[in-house]
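Working notes, structure below.
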Amino acid sequence: MNNLRSLMSATLLALALVAPAARAADETPNPWKFEFHGFVTASMYYQDQVFANGQGQGLWLAAPTPSNLAKCRVSGSFGCAAGTATKSGSDVSGDVRNSRFSFSMAGPKVFDGAAQPRAYLEFDFFGLNGAGSFGTEQPIPRLRVGYAELKFGNSNLQVGQQNQLVVQQIPGSISHIANPVTYQAGTIGWRTPGVRFTQVVPVDDMKLTFAAEAVKNKWVGDAAVAGTGNPTTPAQIGLGEASGLPMFQGMARVDGKGGDLSYMAYLVGVYHTVALDGFGASVALPVPAGTKKTIDSTVVEVGGKITFAPISLAGNFYTGNATGNMLGSMLVFGDIKDTGYWASLSGGLTKEFSVTLTYGANKPDEADMRKWASITAIPSATTRLKNSMVGGMIKYQDGGYALALEGYHLTTTYANSATTTTDTAALQVIATAGYFF
């Protein structure tokens, strides 16, 4: 009897151990995969000027115009006439708008299991300030990136809004991720809806990537060449869209490693056209005789990064025409030749400590800039002709938590008359803590 009880106990124990394994073998893996990533950053900063395109984490680095300097005292009251301010003020404040959240969902494979579908959404808080007296503490979320993709092995098709192909890399910063420190100082590119196809080609220790996209041809919707302010297109139709063509961008990139040296290099080309006479060419062009009715834009960009741990050197150079819709040519939309470049050197002092130094500059063609500023009625004192930025970052990062102290100084040249120029300077020192997950 004891032997029978022992045999039954052993049998029941064996069944208890085998049953979960049998159930697990019969179960189908969940084909759905959800991911939530992002970062939260908070900054305290000091500035000695009011910047032209935003404060704190939101700088597009262009120094203020002479009429937009920090307040100075005139005859016992605050305020200065345009172009007359001569001294700096102090702005100490905080900013959390750089914080970003991304969501992605991948589901069951489609097309007989040949393609993996995925959807991706990304938000931050640069959608302007909220309403009311406390609006700066209630920033509005904005959509940055949103697309659906199909991945066939090394081929990838994306439909939606994505960073343009000209945005291959940005200088290292914890404080300025959404708006890189080299905007208007060597970086061009924005986010636009469109279609992109990417092909990856592995070659030994290298990876070649080729991509092409057709995206929304964004340009100003009002008379970009008039100065009258009269729209030349129906509402919501810009002059780029009125051309009847999208913007085309193409990219070739190589990533590789040899021993302790890793490298990356890329070449990007851009083409788009602008119809200055608007949608349907139905509005007479209100510009001086001889002005073109279309603008053709071509841009060539090259750049790369070399890393020999713990040292990295990255850089970018572009030259082209009519880059205002990609945040080039000092944000002036016109038939303007434009050149920009930046370089950034980073080094790790220890596993956690690193230092980054960055320099960048943007130099539109002065004759083109003066001409289009005149046509579009931009006052001479606010016409930017050149912008340069120098600065750096000291960072401590352990895992996903980072602390950084950054400082940036920039100088912008303005056309203060039809023939003369003036330089203005601005400084920002910003301390940021963030967690990346």
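The values are calculated or read from the model by the stated rules, or taken from the named source; none is laboratory data. Predicted, not measured: the structure shown is a model, and the values here were computed from it. Every residue, glycine as well, gets a Cβ built from its backbone with ideal geometry; the counts of neighbours run over all protein chains shown.
Details
- Only one of the listed residues (A115, A106, A131) is out of contact with any helix residue (DSSP H, G or I) (no Cβ under 6 Å at 6 or more places or on another chain), of a type in the set (A, V, I, L, M) and exposed (fewer than 13 other Cβ atoms within 10 Å of the Cβ). That residue is A131.
Rundown of residues vs (1) part of a strand (DSSP E or B); (2) crowded, with 17+ Cβ neighbours inside 10 Å; (3) out of contact with any strand residue (DSSP E or B) (no Cβ under 9 Å at 6 or more places or on another chain); (4) modelled with pLDDT of 95 or more, yes/no style:
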{"residue": "A314", "(1), (2), (3), (4)": "yes, yes, no, yes"}
{"residue": "G320", "(1), (2), (3), (4)": "yes, yes, no, yes"}
{"residue": "F333", "(1), (2), (3), (4)": "no, yes, no, no"}
{"residue": "G347", "(1), (2), (3), (4)": "yes, no, no, yes"}
{"residue": "S354", "(1), (2), (3), (4)": "yes, yes, no, yes"}
{"residue": "A361", "(1), (2), (3), (4)": "yes, yes, no, yes"}
{"residue": "S374", "(1), (2), (3), (4)": "no, no, yes, no"}
{"residue": "A377", "(1), (2), (3), (4)": "no, no, yes, no"}
{"residue": "L385", "(1), (2), (3), (4)": "yes, yes, no, no"}
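- Taken together, the criteria place G130 among residues that are modelled with pLDDT under 95 and of a type in the set (G, A, S).
- Test for A70: is it surrounded by 18 or more Cβ atoms within 10 Å (Cβ to Cβ), modelled with pLDDT under 95 and within 23 Å of S388 (Cα to Cα): no
- Residue match in segment 396-418 (condition: touching a Pro at 6+ places or on another chain (Cβ under 6 Å), of a type outside the set (S, T, Y) and either surrounded by fewer than 18 Cβ atoms within 10 Å (Cβ to Cβ) or assigned to a strand (DSSP E or B) (or both)): no
- Filter pass, T136 being in a strand (DSSP E or B) and either surrounded by fewer than 20 Cβ atoms within 10 Å (Cβ to Cβ) or at negative phi (or both): no
- You will find that of G392, G360, G347, G399, the residue that is within 28 Å of S99 (Cβ to Cβ), among the small types (G, A, S) and in contact (Cβ under 8 Å) with a residue 60 or more places away in the chain is G360 and no other.
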